[in-house]
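*Asks:* The structure follows.
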Amino acid sequence: GLASNCEQGLTTPSPVVAACLLMWARCRRLLPAVPPAAAALSFVASGVGSGSGGGGPKGRLRGLASNCEQGLTTPSPVVAACLLMWARCRRLLPAVPPAAAALSFVASGVGSGSGGGGPKGRLRGLASNCEQGNDDALSISVGCYNVLCSTYAVKWGEREGVGGNGATNWSLRWPVMCNIINRARWDVVCLQEVERTDVDEITSGLGDGYTTFYFKHQKRPPDGLMIAVRTKAFHMKTTPMELQHNGVAFGGVDLVHRASGRKVRVVTAHCRGRNAAQLEALADFAEDCREEPDVTVVTGDFNEDFSTSDRTGVRCPFPEGRAGTYTTLLREPELPMLSRPPHKQGEDQKSGKGKIDWIFVRGNGRSQSVIELFRDPASRLAILSSHAPCAATGHWPSDHGAEALSI
């Protein structure tokens, strides 16, 4: 599956993906040594790697586990590291253990699946978990989307939000955005510019699988924020949090991730841009100490581009807190670098240019919560679909595209 995604351009062969495939090949004794990660695609394309566990990468990896079980292959550190790195790529494990620690890691029972007892069984269990699709247990996907409320679309004549008669085209746009969100199947959805009269329709469109929370701005009469949480993935830790900062709402929820037991705080906002006092207030709100989370996620339309000039780095708008430092995920080269349509990037535009929709994440160092950020193919597709004209209107579904990542 990883090889297929690489070939189709859905997955960039990052070092961890390349290392997974190459270490698998090495422990199958198909290569004399592990070549550099940069050689991954040519190796995969060469077709080398048929094994005894059936067709395709899954079958070959399952064959390796089967060989371990039958005693045909000794689960050496290289073999164990191969399967563990493969499991990491499949998001079964939170981190890649060093090869030297592979056997003791397997023997510890961490990550054991349905393969029986002992190191061999646990290795087979990892393969079984992957084969059965149990690959999302320790990851959380998050999407952030400014959906352009109708009142502002009409007031400012936003071409994405009005028809030829100048009236709102929400009835055409929302089904498109709803389809983008539902296909992505994010565990957490954060929306900005949610018109108060559209809350019920949006909640209905997301479906019974989500629990939604709405935070109305006091000074912005028509709209507010929404956080939608996949009910099966979390249970609520406390009541929702809300702060009105000069009449503009910050919204937050504290959750417990059912599969991992991690405490997760999700915060969303719609900021003015280049307003240090507002950003400081948002950071303080996310730092609320009523419940110290393992992972804090801050999303929103920031109306400010925090990218470096060459777009190879990001200036974090939040200071380091008692739990650690926030990070985010750069867009891959094949994804749009900007948040809004091309006509919003002109010299006549005073604000909202560049990449202005962000998701910042912090693992709590005090609870030893180590995080890694990545994008799965579903989130990549959502970003691409939301940053392109739709058939319903001939324009982007909103005057913003979506942002998304997994933790």
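Bear in mind these aren't lab numbers, they're just calculated from the coordinates by the rules spelled out. Please read all numbers here as calculations on a predicted model, not as lab measurements. Here the Cβ positions follow ideal geometry from the backbone for every residue, glycine too, while neighbour counts run over all protein chains shown.
*Asks:* Taking the Cβ of K216 as the centre, find all other residues whose Cβ is under 15 Å away and add up their charges (Lys, Arg: +1; Asp, Glu: -1). Please list the in-between numbers first.
*Replies:* Working: positive: R196, K219, R220; negative: E193, E195, D198, D200, D223, E242.
Here the charged neighbours net out to -3.
*Asks:* Toward the positive end of the charge dipole of the range 204-362, about the Cα centre and with charges on Cβ (Lys, Arg +1; Asp, Glu -1), which of P221, V248, H343 goes farthest?
*Replies:* P221
*Asks:* Provide the packing ranking of 270-281, 245-256, 393-404, i.e. peptides ordered by the mean count of other C-beta atoms within 10 Å per residue, highest first. Before the final figure, lay out each step's value.
*Replies:* Numbers: 270-281: 15.9, 245-256: 20.5, 393-404: 23.6.
Highest to lowest by the protection proxy: 393-404, 245-256, 270-281.
*Asks:* Which order do the peptides 289-297, 376-384 come out in when sorted by mean C-beta neighbours inside 10 angstrom, highest first?
*Replies:* Going from most to least packed, we get 376-384, 289-297.
*Asks:* Applying a 10 Å radius around every beta-carbon, put 168-176, 180-188 in order of their mean neighbour count, most first.
*Replies:* On the way: 168-176: 18.0, 180-188: 21.4.
Averaged packing, sorted descending, gives the order 180-188, 168-176.
*Asks:* Under 1.5 on a/c is rounded, so check that first for the range 193-329, then, if it is not, pick prolate when a/b is larger than b/c and oblate when it is not; a ≥ b ≥ c are the square roots of the alpha carbon gyration tensor eigenvalues. Walk me through the intermediate numbers first.
*Replies:* Details: a/c = 1.60, a/b = 1.15, b/c = 1.39.
In terms of gyration-tensor shape, oblate.
*Asks:* Testing the spin-label approximation: label points 7 Å from Cα along Cα→Cβ at E291 and E332. State their distance in nm.
*Replies:* The modelled label-to-label distance comes out at 3.4 nm.
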